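Trainee: Questions regarding the structure given below will be posed in turn.
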Amino acid sequence: MNLKKFAIAAVASLFATGAWAGCSFENSVPLKSLTAGFAAWKAVTSAMAECGNVESELDQEFRTKQPAAFAAQPALYHIGGVSNGTHVPLLNEGTTRPLDDLVAKYGGHLSPNQLIRVDGRTMAVAMMVNAQHLMYREDILNDLGIAVPATYEEVLAAAEAIKQAGAVDYPLGGTYKTGWNLAEEFVNMYLGHGGEFFAAGNQPAIDNEKGVASLEMMKRLTAYMDPEYLVSDSTYVQQQFQQGKVALANLWATRAGAMDDAAESQVVGKVKMASAPSIEAGGRPASTLWWDGIVIAKNITDEEADAAFRVAMEGIDREMVEANNAAAVWLIDGFQPGAMAAGAAATAANGAVPYPASSQMGIMHSALGNGIADFLTGAKDAATALADIEAEYLTAAKEKGLVQ
Amino acid sequence: MKFRTFAAFVGPSLFLMFVFIAAPLVSVFWQSFHVTKARFETVEVETCTPGFLKPTCVTEMVTRPVLDEHGQPRLETRFTGFGSYRNVLEPDRTLAALRDLDWRALLTIDFWKALRFTLTFTLITLPLVIGGGLVIAVVVNNVARSLRGPVIFVSLLPFIITPVIGALSIRWLFIGDGIMTAFLEWWLERDIAMFAQGGTIELLMLFYRVWHVAPFAFVVFYAGLQTVNQDTLESAIIDGASRWERLRYVVIPHLMPLIVFVALIHLMDAYRVFEEVVGFSSQAHVISLQWLTYDLLTPDDSGNRAISRASASAMLTMVGIVILLVPLLLRTWRDQRPGGPGGAGGGR
């Protein structure tokens, strides 16, 4: 009896996976992939796995090993997942291959929008875009008669009203965890102020009025956040939202789907998406646009590259998107933009710029991540903090050879 | 022992120590005096990235490394003397802060900030670990024989837990509205945020380390307690010594070599404090020397890492440990000399 049940279940599950997407070919070349570990990558890598012989490594800290792994002879992975930022070291060291031939052969279904082109050559295939944008509790704003904030002054006014009304524990959530997250918040705010990070010769240029104004705005926002904001990352803010503890946050589009996940969220249907706020009405949203996509290693055989690209195309095909529509803002044909994608779309439509990824920006991002906390905790004033960040940047950039 | 037998026993260990300790140390030492740079060129590049409907193409000046004929970046390594050490220690800012007697300014320099925490962490946990271990050992030694097994097992548990996991569990008890924070809030009837300021995070880190390491001290001391001379203890009782006097004048002197041993090990471990910084994400408020080295070594999004500065920072950490250990090592050396007070090395 039990054995029979087991057999039926086993057969049923075989059919289930077969019916879900399947793979149009059977892959016989052993392949390995290294990508980030968030929901969209889980969807893509499990779709790739259906072709067989694919071993996927999902690691949120992939960036620390990807450049070295791809520079090895032969490369340790065939397929890599990258974003604007993490694409830079691979491009710099030339460890990924141009994909034009493979796109011509197997990528007929790709839209031109998906092709990351550097000097005319396709170096990566994007699958999704991501941006931080405003998420808000519609019920709370409606109760208090507050319009959806479009600028940061309006965010502060809304936060004050929410605080007075005592509607939630903390009016604002913020991904202000020291390090990468905190630096990203500054990058958003500084670009929202129209700032430039570098002057000629890769000299740093953040110690100015716009930099100070960005820091001051961040500090004013923290007054309405959980006092433990310096340890709160995206997951933490997402959970605060899901548990009804915060009312507004500038959070990643990839986290939007989780708000309506009835298994985790107590606020299903109450969280709505809007453009990232700007500094001045009608100005550029204080956010950056990101893409995530796939690269193929250079140091592998052409046969492997061929198989790797085919498998990757199976990972980012229509069936995968149809099964995982809510996991991300996909660029892939078949994506149905729902209410959850509205925030990212509005942020882009209002003129947010792509994250300015480059070698020097990587150093600047690290210096910002380590240096801003001293201002927020009150150990330094804004001008000193920015001057120290510039000094830290210069030390690292000189050591690297980026600044003479 | 014959020299051949001695060599056969010590040889493999010496070989491994050379491969895994001496050789890397030499390489780190070398790297701390050299800097490897790539040659960069600035070129105009057109990059197209996805927009929402159509791609956005921008032409901009990009700084990128020059590749050689094998497609590898051209690297050149140069001797920089104490350059990396200067970059870590920042002598100009340090001297300026010292001249103004500005303690706060000094502590905004990463190295001194890290050293301040590392030293206070090491020196505060040291007596707590030794004291705590001794108390548990004495208590367990006085517990009824039938209960000893279970009590020893329970006392050892914290030591068995993987350090990072231990730190994370305590973090989860206290972060946000964690169980312990919720309890404290209920008990003290006030709002508490343990992770909002450096002081409380530091307190949690100290608590965690003592909780984690005290069992080690306990095991060592408990073993030592089994060898206390019972005759001396009995004569002390006949002389009318109280429980405290017996501990102070008989037990502790007997355990002294073990106390020095535990102190040595603990100083070495605590000076390399690292798991706590990661586990409690305390970077915003407190960092340690080991974490500083780690942070310099971690590549950023663009793959940059500061290997030379990390090496300099690692060498400075090692110098710090050696300075801390000198007094204890001197003491041990005096004790170990023929005719020294410790004689043949009491129990080690």
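The values are calculated or read from the model by the stated rules, or taken from the named source; none is laboratory data. Just so it is clear, the model here is predicted, and its values are computed rather than measured. A quick note on method: Cβ atoms are made from the backbone with ideal geometry, for glycine too, and the neighbour counts reach across all protein chains shown.
Trainee: Being among the small types (G, A, S) and closer than 19 Å to A:A258 by Cβ is the filter here, so list the residues in segment A:332-351 that pass it.
Mentor: Residues satisfying the conditions are A:G338, A:A339, A:A341, A:A342, A:G343, A:A344, A:A345.
Trainee: Further question: In segment A:328-359, how many are surrounded by 18 or more Cβ atoms within 10 Å (Cβ to Cβ), assigned to a loop (DSSP other than H, G, I, E, B) and not aromatic (F, W, Y)?
Mentor: So the count comes out to 8.
Trainee: Is it fair to say B:V58 is in contact (Cβ under 8 Å) with a residue 12 or more places away in the chain and in contact with a Lys or Arg (Cβ under 9 Å, 6 or more places away or on another chain)?
Mentor: On the way: in contact (Cβ under 8 Å) with a residue 12 or more places away in the chain: yes; in contact with a Lys or Arg (Cβ under 9 Å, 6 or more places away or on another chain): no.
Against the criterion (in contact (Cβ under 8 Å) with a residue 12 or more places away in the chain and in contact with a Lys or Arg (Cβ under 9 Å, 6 or more places away or on another chain)), B:V58 does not qualify.
Trainee: Being assigned to a helix (DSSP H, G or I), farther than 18 Å from A:G211 by Cα, in contact with a helix residue (DSSP H, G or I) (Cβ under 6 Å, 6 or more places away or on another chain) and more than 9 Å from chain B (Cβ to nearest Cβ) narrows it down to one residue among A:V321, A:V311; which is it?
Mentor: Only one candidate qualifies: A:V311.
Trainee: Would you confirm, using the coordinates I've provided, whether B:E76 is more than 10 Å from chain A (Cβ to nearest Cβ) and touching a Ser or Thr at 6+ places or on another chain (Cβ under 8 Å)?
Mentor: No.
Trainee: Within segment B:186-199, can you find the residues that are assigned to a helix (DSSP H, G or I) and away from every other protein chain (no Cβ under 12 Å)?
Mentor: Listed by number, the residues that qualify are B:W186, B:W187, B:L188.
Trainee: Let me ask you something else. Could you tell me how many of the residues in segment A:248-263 are within 18 Å of A:T175 (Cβ to Cβ) and among the acidic types (D, E)?
Mentor: Selection size over segment A:248-263: 0.
Trainee: Looking only at helices (runs of 4 or more DSSP H) that lie completely in segment B:259-344, which have at least 2 residues being more than 14 Å from every other protein chain (Cβ to nearest Cβ) and surrounded by fewer than 18 Cβ atoms within 10 Å (Cβ to Cβ)?
Mentor: Answer list for segment B:259-344: B:307-336.
Trainee: Can you tell me which of (1) in contact with a Leu (Cβ under 6 Å, 6 or more places away or on another chain); (2) surrounded by fewer than 22 Cβ atoms within 10 Å (Cβ to Cβ); (3) more than 30 Å from A:Q242 (Cα to Cα) is the one A:P74 doesn't meet?
Mentor: A:P74 satisfies all of (1) in contact with a Leu (Cβ under 6 Å, 6 or more places away or on another chain); (2) surrounded by fewer than 22 Cβ atoms within 10 Å (Cβ to Cβ); (3) more than 30 Å from A:Q242 (Cα to Cα) except (1).
Trainee: Within segment B:24-59, which residues are hydrophobic (A, V, I, L, M, F, W, C) and either surrounded by 13 or more Cβ atoms within 10 Å (Cβ to Cβ) or farther than 30 Å from A:N113 by Cα (or both)?
Mentor: The answer is B:L25, B:V26, B:V28, B:F29, B:W30, B:F33, B:V35, B:A38, B:F40, B:V45, B:C48, B:F52.
Trainee: Moving on. Please specify each residue of segment A:355-369 satisfying the condition of being out of contact with any helix residue (DSSP H, G or I) (no Cβ under 7 Å at 6 or more places or on another chain) and either more than 7 Å from chain B (Cβ to nearest Cβ) or within 19 Å of B:R93 (Cβ to Cβ) (or both).
Mentor: Matches in segment A:355-369: A:P356 only.
Trainee: Looking for something more than 14 Å from every other protein chain (Cβ to nearest Cβ) and either among the hydrophobic types (A, V, I, L, M, F, W, C) or surrounded by fewer than 17 Cβ atoms within 10 Å (Cβ to Cβ) (or both) - is there at least one such residue anywhere in segment A:128-136?
Mentor: Checking segment A:128-136: at least one residue is more than 14 Å from every other protein chain (Cβ to nearest Cβ) and either among the hydrophobic types (A, V, I, L, M, F, W, C) or surrounded by fewer than 17 Cβ atoms within 10 Å (Cβ to Cβ) (or both).
Trainee: Can you find, within segment B:54-73, the residue that is nearest to the chain's Cα centre (by Cα) among those that are in a loop (DSSP other than H, G, I, E, B) and facing chain A (nearest Cβ under 7 Å)?
Mentor: For segment B:54-73, the residue satisfying everything is B:G71.
Trainee: Only one residue in B:F159, B:F174 is in contact (Cβ under 8 Å) with a residue 24 or more places away in the chain and in contact with a Pro (Cβ under 7 Å, 6 or more places away or on another chain), so which one is that?
Mentor: Of the residues listed, the single one that is in contact (Cβ under 8 Å) with a residue 24 or more places away in the chain and in contact with a Pro (Cβ under 7 Å, 6 or more places away or on another chain) is B:F159.
Trainee: Among the residues of segment B:1-23, is there at least one that is farther than 30 Å from A:T95 by Cα, modelled with pLDDT of 90 or more and surrounded by 14 or more Cβ atoms within 10 Å (Cβ to Cβ)?
Mentor: Checked segment B:1-23: no residue is farther than 30 Å from A:T95 by Cα, modelled with pLDDT of 90 or more and surrounded by 14 or more Cβ atoms within 10 Å (Cβ to Cβ).
Trainee: Identify, from the list B:R93, B:R78, the residue that is surrounded by fewer than 17 Cβ atoms within 10 Å (Cβ to Cβ), in a strand (DSSP E or B) and not hydrophobic (A, V, I, L, M, F, W, C).
Mentor: The conditions single out B:R78.
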